[in-house]
Structures are given as C-alpha cells and as structure tokens.
Amino acid sequence: MISAGIDIGAKTVKTVLLEDGKILGKGLVPAGLDTVASTKQTLKRALAAAGLTVEKVEGFMATGTGRKSCPFTDAEITEVGAAAKGINHVLESCRAVIDVGAEEGRAVRCDAKGKVIDFAFNEKCAAGAGTFAEGMARALEIPLEELGPLSLKARQAVPMNAQCAVFAESEVVTLIHNKTPREDIARAVLDAIASRIISMVRKVGFEKDVALIGGMALNPGFVESMKRGLEMDVHVPEDPEYIGALGAALAAAEQTT
Amino acid sequence: MADKAKYKTAPLKCWKKAKELRLKYYEDYAKAHERGGLRWAGGAWSFSAIPSGLGEDVWSLTSEPYAASIAFDKDFSLRCLEAAEKASYARDLCAYMRNYWGSIILNEYAFGGPFPKPDFIWQDHICCSHAKWYQVVSDLEGGIPHFCMDVSVGPYNEMAPHKIDYLVGQMHDGIEWLEETTGRIYDDDLLIEAVKNEFRTTSTWAEICSYNKHVPAPLDEKSMYSLYVLGTLNKHDRQVAEFYQELRDEVKERVEQGIAAIPNEQCRLMSDTQPPWGFLSIFRYMEEFGAISIGSLYTFGLIGIWEDKPDGSWGPRATPMQQGIDIKDRDQALRLYADWTLSKPEWQHFYSPHLKTEMMIRIAREWQLNGILLHYNRGCEGLSVGIAENRLGLIEAGFPVMAFEGNMGDEREFDEARVKVRFDTFMETLGLKKNGKS
Ligand code: SF4
C-alpha cells in the first residue's frame, strides 16, 4: 500500500510517500501563513515526484506542530513519535534522536524498535532552536546557509554566555564591535545552540548511535558543534528534515494494514 | 466516549457539603469580629489546633489555600500579582505569597469585601518563604503580633526525644504568648478536643487516599483537591473530622460498588506538588486519553498522616485514641501533637529529595501506576526543590515520567498549549490515544 506522511512544521511542510518501506516521492514547501494551502502544495509536489495521483494513497498521517490543521486526515502522531519511527527506519541502531527545527529542539531516547523511552523539549528558549541561527546570521549579515560553512573556518572557540536569545544577540553585536573574526562568531553561535540542546539531551540520557534530524541537521557547522559537545559521532541521515514525515508515513501504513 | 465506558460513575454525594464547609470557613473568618471573636492568620502547615484553646469563637485564615483560591480566579490573581510587583516584591518569589500580599495591598478579600486583618499571626517555618511571609503581612498591615515556631528538627526517621522537646517547649511558650496577646485564659480541654479532631482528620484523609489503590480509582485528583482543601483550612475542627469520616464511608462504598471516578480508566498516573490552579482543566484533558491522576504525594501527604502497616503497605496512621491513649493534660496533648505532625510525609522531603523519591516510588507501586507527571513548579521553592532528582529516581525504578514547567499561582508562567503538546506525546508513549482508543 501507499501511505503519505505529512509533517507540518513551523517553517516548512514536508510530505513523504511510502510503499512497502520504500520512499516513492518527497515534497517540501515553506509553511507560510496558509498552512492548509502549503500542505496541499507539498502533497502535490510529492505526488509529482512519485508520478502518482492522490487516489493511489491509501493512508495519511499528520505530524508536526500544525498537524491538527492537516486537510487530508485527522490521524496524527506527535513529532516525538514520528521522529523515533522515522529514524528507526533509516538507522536501526539509533538509540537517541535529536530533532532541531526552526521553533524547538527535541531529544528522544528510543529502543531498537523505534519505541520512545523518554523525551524532552526545549520549547521555551529560542536560543536552542533554528530561528536563533537565522537571527544571528542576520546580525552577521550573511545568508543562513553560509553560517555553518563559515563556522568551520573558525580558529578559536569564543564563549557565548547569554542564556537568552535576545541577550545573545547583543553579545554577538559586542563581538562584532570587538572585531572578533566572523567565523569565530559563527562558531560561537552554533556552539551556544548546541550546548543548550546537549543539556536537554543529557537530561533524557543517550547512548550510541545518536542521530541529528530536522532543519538544523543541514547545517554542517552545527553538526560539528554537536559532535564536539557530545564527544561522539553524530549521524545525519539523508534528507534529515524529512524524517518526521517519514515516521508519519510509516505510522499511516501501520494503521492501515 | 460513552461507548468507551468500562466503569460506572456517579457524582460524589458529599460534594456539596465540602463546598459549603469551605465557603463557611472563609465567611467565619471575615465575620469573626462581628461575632465578637478573634481572627488569626498563619500557614496551612502551622500547629493550628493550638489557638483553639483560646475559645470557640477563634477563626483562622490559612495562607496557602487562600492564595490558591486567588490563583484559581485568573483575573483577580493577575491584579494581585501586579499589585505585589508594583510594591517592589520580586516576581520570582513564592507565587502564593505574592497573591496573598497582593490581596492585602488591594484590600480585597477573595470572598468579598475588604481584606480582613488578622488579630495575630500563628506561623511556623517550613521553607524560606514561610520565614518572611508574615513579616511582610505584618508590615503591610501596620503591625500584627506574630508568633513563629521553628520546626527544623530533621526527618521523622531520625526522630529523638530531644527534638520533640524542642517543639513542645516552643508550643508551651506559644500558649503563654497567646494568653498575653489576646488577654484570654487558655482552655486545655478545647486544646485536647482540637488535637483529637486533627488526629482524626489527618488519619481519615490517609484512609480515603488509600482507597484509590483500587482499580478503578473511586476518586480523581482534580476532585480530591476540593476535598483535601478542608484539611488545609481547618484540620483541627470537629466538622472537618466528621466530614472526612462521612467521605471515607462514601468512598469505601464506591469501591465496594465498583463506582469509578472516570468511566474509561486505562492508565493510572500521579502528579506532584501543587498543580497550576488556574489550569485544572489539564486533568480533564488527560481523561480524554483514559488517563486518571489518582493523587500525588502532595495530595496524600500534605494533610494525610501515614504509617507502615504490618503487611508492608502504606496506610493511615493509627490515632492515639485508636491506640487506647487517654489524653489528659496540655503537655501530653502537645507531645502527641508534635510527634504526629512531624511524621507528615510532605515535611520529610524538605530534608532530602531521596526521602521524597522513596515515598513516590512506594505510591507508584502500591497504587499501581503507569506513569508520573512532575510539575517543575516555579511558584514554590519549597516543594519543587529536588524534583529533577526525583525524576531520575523514578525513571531508575522503571516508571515513565513526564515533566512540565509551570507555576501553581502565576498563570503567566504556564503555557497551556505547550503543556498539552507534552501530554499528547507522553500519552502516545504510553500507548494511549484520545477518547480512550488504545
Ligand atoms: S515556596 Fe512553597 S512551601 Fe514555601 S511558602 Fe511558598 S508555597 Fe509554601
């Protein structure tokens, strides 16, 4: 059977079409203000990529912060459940998955079957989410995509002490005024996000293998910051931003069969 | 939901009476002077039976439940909190204390009319806030005589005669102080009656909570809040002691007849510390998943007095009267009273989070729980100290735990939508879906 998993996040909407555990097509569009329209659009893209029509899809499942507004289904799975299922499908050895999106960070400890054992959210602190990286890239006057590569050129670790995104921004401005090299500031920003996420990961506990998913997993500088902070390798699956949608598609298939 | 009903339910027959007793308590306090009586204020932890020896026309206002009543009324609470902040009291202080001070500053009583100024303050020191709470009340009110007891003698499992002596000595001093302050002659018979009432109230409450070991639970925690509150107001009062016995009989009958608190119980949880009073609807939200909170160490042990039973289970402590002790004089009454109160479960964890973890694990096992909800309560330094440690202990003991942040008395620090998202996730990890589907 063909199932669709739709992940309606704060910044983007993602769809994965799945048949017998194989991904047939994917689609990603910005969430925008009209998430229903964006959700329709992302499904359209995924269908086009798979060369399918919507009638072929037998089961839908929504996840993400906007999952209750999915126009195709009432069936839903939480972001935590979807992340655990999705990662288990692509990396069976994974026992801890860290999901850092635009709005929040999540740490999930799971077993060999992708069942959630414990979880934690970092939802109150913007300094531990992707939006903070975006704001800091703006302060450094570079596109977000360049923040990670720039940070990899850093020569030294510059500590950022502010606990809050607003104060951290003024700290960045001070570093700029002090003529701190921009690559060092970029690394400081990503290290700061990673340290907040890692304290949450330590709360739920972790063991090998650790995977990083969500939009921030696409940032190579952030991945390095996480590796340094956790003092271990961190796996980034292919298309890390689609893992939630994949987990939802798997849940839809389980529900329908 | 109806088709998911596994158990029959019925409203509590005692419910109306509990509400009436609570309202009467607040009204009695406000009208005390009209009746020629006395008013005193102090914490719900204070040795409240002692001022009863001053006469039958002495009424109290206990601070924490009064502040919780304010917190329940979100608009009034916000005005109180803002008034306290405007008066320069910091926003990170005990939220109950800020609500209470705000009510004095605004001169508005949550139950109507101006704030009724107490004639004296009768307090003890459990946490750091207790030490300051009534100093500020007295300052705000232009000076009120204040007696305070130090109870920091360590946990009950390390009790020793000299520790009881330390408390009893202060109690004797307190009685002399009460006589001097009020100009009244102290009546030991009234004291003895009040402590006996308190033994009955607190033991019976533990017995009521024990009935929740039964599956399905006859009571849910949200309802228990409206019942246990009487023990925080007036546990030394004969009417409260009698009400709890009536309630105990009804709960026993519910168990015998298989009457459940919720019709679709399939997951048993407990909470911890005071709930966010302005958002008790989260308990009803849980019920949509077939999850019930059967209580907590807080609901069981703030009022209930417990002991180990011969079969190893936790049950109501046998009162001195049940043990055949005849209370004859002031000193004997005070000694028994000190020993009894120091065994209160909620006092123990002020000394060590490990003692709390042990009690929580015990509840989780004996009450057959599937999971635990921990409230990282920013409003109460006293009860939230060590919660992260408790979490680790509970997880190690094999219980799924969900922690959420909030504040029992400051709604600005509780994010309802986010907390519900956490509930959704926790319920999913426990294999539960909305409307009782599993
Ligand atoms: S901080 Fe907590 S324990 Fe202390 S007075 Fe306030 S409510 Fe009571």
Can you find even one residue in region A:188-205 that is within 14 Å of another protein chain (Cβ to nearest Cβ), at pLDDT 85 or above and in a loop (DSSP other than H, G, I, E, B)?
-> yes
Of all residues in region B:402-418, which are under 20 Å from residue B:287 (Cβ atoms) and either among the small types (Gly, Ala, Ser) or more than 10 Å from chain A (Cβ to nearest Cβ) (or both)?
-> B:406, B:414, B:416, B:417
Among (1) in contact with a Cys (Cβ under 9 Å, 6 or more places away or on another chain); (2) away from chain A (no Cβ under 11 Å); (3) surrounded by fewer than 20 Cβ atoms within 10 Å (Cβ to Cβ), the one test that residue B:431 misses | (2)
Which one of these does residue A:103 not meet: (1) touching an Asp or Glu at 6+ places or on another chain (Cβ under 8 Å); (2) within 12 Å of chain B (Cβ to nearest Cβ); (3) not in a loop (DSSP other than H, G, I, E, B)?
-> (3)
Evaluate the following for residue A:116: is it facing another protein chain (nearest Cβ under 9 Å), hydrophobic (A, V, I, L, M, F, W, C) and buried (at least 20 other Cβ atoms within 10 Å of the Cβ)?
-> yes
Enumerate the helices (runs of 4 or more DSSP H) found wholly within region B:1-94, keeping only those where 1 or more residues are within 16 Å of the ligand (Cβ to nearest atom), surrounded by 13 or more Cβ atoms within 10 Å (Cβ to Cβ) and away from chain A (no Cβ under 14 Å).
-> B:63-72, B:74-86
Of the numbered conditions (1) open to solvent by less than 20 Å² (accessible area, probe 1.4 Å); (2) more than 14 Å from chain B (Cβ to nearest Cβ), residue A:37 satisfies every one except a single condition; which is it?
-> (1)
Does any residue of region B:113-128 turn out to be among the polar types (S, T, N, Q), within 22 Å of the chain's Cα centre (by Cα), assigned to a helix (DSSP H, G or I) and within 16 Å of the ligand (Cβ to nearest atom)?
-> no
Out of curiosity, is residue B:133 within 16 Å of the ligand (Cβ to nearest atom) and either of a type outside the set (S, T, N, Q) or within 14 Å of another protein chain (Cβ to nearest Cβ) (or both)?
-> yes
Tabulated pairs, region B:124-146, first of a type in the set (Gly, Ala, Ser), second at pLDDT below 95 and more than 9 Å from the ligand (Cβ to nearest atom), C-beta under 6 angstrom, 6+ apart or interchain = B:131/B:125
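The values are calculated or read from the model by the stated rules, or taken from the named source; none is laboratory data. In this text, all values refer to a predicted model and were calculated from it rather than measured experimentally. With ideal geometry, Cβ positions are generated from the backbone for all residues, glycine too; neighbour counts draw on all protein chains shown. Side chains included, ligands, DNA and RNA excluded: accessible areas come from the protein's heavy atoms. Shrake-Rupley method; radii C 1.70, N 1.55, O 1.52, S 1.80 Å.
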